[in-house]
């Protein structure tokens, strides 16, 4: 079965190629979500670890540029 799917994807079977593309997109979204969550958690840890309010605000502003804010 696996060999059939590999052959079908390599030779352009539209149904399996579409499935492979979706799996790659899902993997990329998952990777981005993990990296974003790690960055947000790191931001909070770093923000809470400093004792300088101005520096803490700078940390939050910098991370808002990277991760956005709403």
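The residue that is modelled with the highest pLDDT, counting only those in region 1-37 that are surrounded by fewer than 11 Cβ atoms within 10 Å (Cβ to Cβ) and either touching a strand residue (DSSP E or B) at 6+ places or on another chain (Cβ under 6 Å) or farther than 30 Å from residue 67 by Cβ (or both), is 3.
The C-beta contact set for region 23-40 (first residue under 16 Å from residue 63 (Cβ atoms), second residue surrounded by 10 or more Cβ atoms within 10 Å (Cβ to Cβ), distance under 9 angstrom, 6+ apart or interchain) comprises 36/67; 39/63; 39/66; 39/67; 40/63; 40/67.
The values are calculated or read from the model by the stated rules, or taken from the named source; none is laboratory data. Everything numeric in this text was worked out from a predicted model, so none of it was measured. A quick note on method: Cβ atoms are made from the backbone with ideal geometry, for glycine too, and the neighbour counts reach across all protein chains shown.
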